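Participant: Here it is, the structure in full.
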Amino acid sequence: MMPSVKGEPHTRKQIVIYSYIMAVCGILPTLLGFAGLIYGITALALGLGFIYFAHQVQKNTEGELATKSAKNLFSFSLLYLMLLFTLLLAEHSFNILFKLNLNMLIG
């Protein structure tokens, strides 16, 4: 965790707040029609997982458990980003292929 002028409790609170904001932003592509239902469900599940790990960071403030919680959140954040971007790309790619195949069959 980066050093904070206001201290660790404030930083932990910000982690939780920004995790909620990020989880909502993660499902926005589905709500705005840029991604499909599979992406939306996955983004929701991953967002809830991210919020869970953020709350673990806020709850565990001392010793080895605090370090483990922070490392778990960091590791999950890497997985979260990789899965969301991969799913967006895959959904978009399969959508293009489906439209191309459909056009070949029709025309």
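No value in this document is a laboratory result; all are computed from the given coordinates. Given the structure is predicted, the values throughout are model-derived calculations rather than measurements. Here Cβ is always computed from backbone atoms with ideal geometry, including for glycine, and neighbour counts include all displayed protein chains.
Participant: Considering (1) touching a helix residue (DSSP H, G or I) at 6+ places or on another chain (Cβ under 7 Å); (2) surrounded by fewer than 17 Cβ atoms within 10 Å (Cβ to Cβ), say which one Ser19 fails and leave the rest.
Facilitator: (2)
Quick grid of which residues meet (1) more than 24 Å from Ala90 (Cβ to Cβ); (2) in contact (Cβ under 8 Å) with a residue 24 or more places away in the chain; (3) of a type in the set (D, E, K, R); (4) in contact with a helix residue (DSSP H, G or I) (Cβ under 9 Å, 6 or more places away or on another chain):
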site	(1), (2), (3), (4)
Ser4	yes, no, no, yes
Lys13	yes, yes, yes, yes
Gly36	no, yes, no, yes
Phe50	no, yes, no, yes
Glu62	yes, no, yes, no
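Participant: Another question, if that's okay. Considering Tyr18, Tyr52, which residue is among the hydroxyl-bearing types (Ser, Thr, Tyr), in a helix (DSSP H, G or I) and more than 22 Å from Ser4 (Cβ to Cβ)?
Facilitator: Tyr52
Participant: Now, a different point. Please go through the stretch 22-70 and pick out each residue that is loosely packed, with under 12 Cβ neighbours inside 10 Å and not hydrophobic (A, V, I, L, M, F, W, C).
Facilitator: Gly33, Glu62, Gly63, Glu64
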